[in-house]
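Below: the structure, in structure tokens.
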Amino acid sequence: MPYINANDISLYYRIDGAQRADAPWLVLSNALGTDVALWSPQIDTLSRTFRVLRYDTRGLGRSSAPAGPYTIEQLSADVLALLDALGIERAHFCGVSLGGATGMALAARHGERIDRLISVSAPPRNPTSAEIWAERMKQARGGSMPALADAVIARWFSAAFVAREPLVCAAIRDMIRHTDPEGYAGNCAAVASTDLTAELARIEAPTLILTGTHDAAIAPEAGRALAASIAGARHVELDALHLPNVEQADAFTRAVLSFLNEPRPAASGG
């Protein structure tokens, strides 16, 4: 299996897609408690055009789960280490939830590495109280990952989608249930402590903010406000809760491809 060792951890990754040496790179970053399989609905389509790099965030999937707490700075540094190890100077970045926050941090602080940014279901500042995140950390470390997984599915997907796609939801529930408890808690701490609001103006990459109509974590109006805080960013809303890449997979993939395949604006003459 492909791993890199960096920042005192082992980071799992996968590469799929276009074999052309000039094909652009696209990094996909997962939500809390999930692994690279979260992007299964998109891989076949995206890999026709891009060299797609997926990875498991520290503490999740097959990557190492050191003792927490983790920070958004650590998660960003892990991505940079992965890009460096693979010789990737610049890439598009698409992240959902925790992955979206990671992408915004990278675009604000290391803009030379990010070509275009897609941030999905990711508020720039944690909207949930510190007490709630502390309770989730306590539950994870106390052996309650199955109960946490059930609660997450209820927050992430509509009841209609759960009824219509029980196997899809069961697979994601299983990802969360089998997440290392310390890794889950460490990433809860990263979410709870993240506040990128003061850095949004530094993002220069063309940016797409994508949110679900019914998402409690970042409502459509909050998504529009986030897009307005980033120069030139646009907002797309899909009829979903927190994971539109799963609940509205086809519409999500079309929105991503449309954005990434747009020609760059012509440079103004001087």
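Working only within the range 61-89, note down all residues that are of a type in the set (D, E, K, R) and under 16 Å from ASN5 (Cβ atoms). Please lay out each step first, then the result.
So in the range 61-89, the residues of a type in the set (D, E, K, R) come out as 62, 73, 78, 84, 89.
Residues satisfying the conditions are ARG62, ASP78, ASP84.
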Worksheet, complete the sentence: Checked pairs for the range 4-25, first under 23 Å from SER40 (Cα atoms), second β-branched (Val, Ile, Thr) and assigned to a loop (DSSP other than H, G, I, E, B), C-beta under 8 Å and 6 or more apart or across chains, list as GLY17/THR49; ALA18/THR49; ALA23/THR49; PRO24/THR49; TRP25/ILE88
Practice prompt. Among what's in the range 104-142 and is out of contact with any strand residue (DSSP E or B) (no Cβ under 7 Å at 6 or more places or on another chain), surrounded by fewer than 14 Cβ atoms within 10 Å (Cβ to Cβ) and of a type outside the set (Asp, Glu), pick the residue that is farthest from ALA217 (Cα to Cα).
Written response: GLY142
Worksheet item: Looking at (1) under 20 Å from TRP39 (Cβ atoms); (2) within 17 Å of the chain's Cα centre (by Cα); (3) of a type in the set (Asp, Glu), which is the one condition that is false for ASP195?
Response: (1)
Worksheet entry | The lone exception for ALA122 - which of (1) touching a Gly at 6+ places or on another chain (Cβ under 7 Å); (2) more than 24 Å from VAL256 (Cβ to Cβ); (3) assigned to a loop (DSSP other than H, G, I, E, B) it fails | (2)
Fill in: Flag for MET145 being over 25 Å from CYS94 (Cβ atoms), in contact with a Ser or Thr (Cβ under 8 Å, 6 or more places away or on another chain), modelled with pLDDT of 95 or more and not β-branched (Val, Ile, Thr)
yes
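Just to verify a result, which residue in the range 143-167, among those that are small (Gly, Ala, Ser) and in contact (Cβ under 8 Å) with a residue 12 or more places away in the chain, is surrounded by the fewest Cβ atoms within 10 Å (Cβ to Cβ)? Give the steps one after another, and end with the answer.
Residues of the range 143-167 small (Gly, Ala, Ser): 143-144, 147, 149, 151, 154, 158-160, 163.
Within this subset, residues satisfying the condition of being in contact (Cβ under 8 Å) with a residue 12 or more places away in the chain are 143, 149, 158.
Details: GLY143: 9, ALA149: 20, SER158: 16.
Among those residues, the one meeting the criterion is GLY143.
Counting just the residues of the range 241-254 that are of a type outside the set (S, T, N, Q) and within 16 Å of the chain's Cα centre (by Cα), which one comes out farthest from VAL52 (Cα to Cα)?
Filtering the range 241-254 for residues of a type outside the set (S, T, N, Q) gives 241-244, 246-247, 249-252, 254.
Among the residues that remain, those that are also within 16 Å of the chain's Cα centre (by Cα) are: 241-244, 246-247, 249, 252.
Details: LEU241: 25, HIS242: 22, LEU243: 19, PRO244: 19, VAL246: 18, GLU247: 21, ALA249: 17, PHE252: 16 Å.
Residue satisfying both the conditions and the ranking: LEU241.
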Discussion item. Given the options ALA91, ALA85, ALA130, ALA107, name the one that is touching a residue at least 40 places away in the same chain (Cβ under 8 Å) and closer than 23 Å to PRO181 by Cβ.
Written reply: ALA130
Item to complete: Scan the range 243-270 and report the pairs whose first residue is closer than 29 Å to TRP156 by Cβ and small (Gly, Ala, Ser) and whose second residue is at pLDDT 95 or above and part of a helix (DSSP H, G or I), with Cβ atoms within less than 6 Å and a gap of 6+ or a chain change.
Response: ALA249/PRO41
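Here are some residues: ALA217, ALA190, ALA240. Which one is buried (at least 19 other Cβ atoms within 10 Å of the Cβ), of a type in the set (A, V, I, L, M, F, W, C) and at pLDDT below 95? Outline the logic, then answer.
Details: ALA190 fails: at pLDDT below 95; ALA240 fails: at pLDDT below 95.
It is ALA217.
The values are calculated or read from the model by the stated rules, or taken from the named source; none is laboratory data. Just so you know, these numbers come straight off a predicted model, no measurement behind them. Quick reminder, even Gly has a Cβ in these numbers, built from the backbone with ideal geometry, and neighbours come from all protein chains shown.
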